[in-house]
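Before any comments, here is the structure.
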């Protein structure tokens with residue numbers, strides 16, 4: 001029941017953030033700590049092993065795969081203002097959580113990759129990397145095992161070769177990292193909307209950093 005657990009965790013962080021702000025956390029430490037923790041949870045929803053989900057430790061191939069390149073959100077301030085939500089306001093954190101998880105699952109489902117299985121060509125889907133459970137329980141790594149990032153490997157006696165593997169891996173990793181940046185920006189925008197409505201008070205020395213940029217400015221990750 002990963003979706004339930006994640007949503008409860010984010011709901012508690014959002015509740016704690018608002019309560020600390022209303023209670024006069026004038027230094028902002030607790031507010032920003034809760035916000036940062038919540039954004040971490042949202043970013044986890046861009047990792048297939050977190051949303052399928054697959055029990056893993058620090059050796060997940062996707063998470064370990066190195067990527068250096070553009071991971072900008074691609075969102076302008078005007079685009080942020082036009083994002084849809086049920087209340088016609090900035091989507092709350094749980095809305096962002098569910099939306100991002102669904103995007104990741106859809107991206108995994110959309111994978112179509114040609115591989116060589118014991119030297120015979122075969123087309124595979126994203127389920128070959130991450131296989132969802134049929135009963136909303138934990139899933140598992142697919143027939144390719146935990147081998148994201150590798151171009152040649154053996155699983156259960158079967159030799160797999162993925163032509164142009166690094167290009168595929170880098171493209172998918174970049175796509176998911178951009179999604180992580182995008183949902184982070186959206187969460188910060190949600191925070192700014194609450195700040196603008198007076199639901200969160202920010203001390204004067206922090207106000208400058210919260211000022212929105214010009215609407216034509218692209219929000220990019222550093």
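Values quoted throughout were computed directly from the atomic coordinates according to the rules given, and no laboratory measurement underlies them. Because the structure is predicted, anything quoted here is derived from the model rather than measured. Positions of Cβ are backbone-derived with ideal geometry, glycine not excepted, and every protein chain shown enters the neighbour counts.
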- [ ] Please compute P(r) over all alpha-carbon pairs of segment 39-152, binned at 5 Å starting from zero, and give each bin as a whole-number percent.
- [x] 2, 10, 16, 21, 18, 13, 10, 7, 2, 1, 0
Open item on the list: Once R0 is set to 22 Å, what does the formula 1/(1 + (r/R0)^6) return for the Cβ-Cβ distance between residue 55 and residue 151, expressed as a FRET efficiency to the nearest 0.05?
Closed with: 0.30
Open item on the list: Only counting other Cβ atoms within 10 Å, I'd like 63, 14 sorted with the fewest neighbours first.
Closed with: 63, 14
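Ranking 45, 177 by Cβ neighbours within 10 Å, fewest first, what do you get?
Details: 45 27, 177 19.
With the sparsest Cβ surroundings first, the list reads 177, 45.
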Open item on the list: If I take R0 = 22 Å and measure r between the Cβ atoms of residue 40 and residue 137 in this structure, what FRET efficiency does the formula 1/(1 + (r/R0)^6) give, to the nearest 0.05?
Closed with: 0.35
Open item on the list: Only counting other Cβ atoms within 10 Å, I'd like 130, 123, 190, 57 sorted with the fewest neighbours first.
Closed with: 57, 123, 190, 130
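Report, in cubic angstrom per residue, the convex hull volume of the C-alpha atoms of segment 146-196. Could you put the intermediate results ahead of the total?
Working: hull volume 3.2 nm³, N = 51.
Convex hull of Cα atoms, per residue: 62 Å³.
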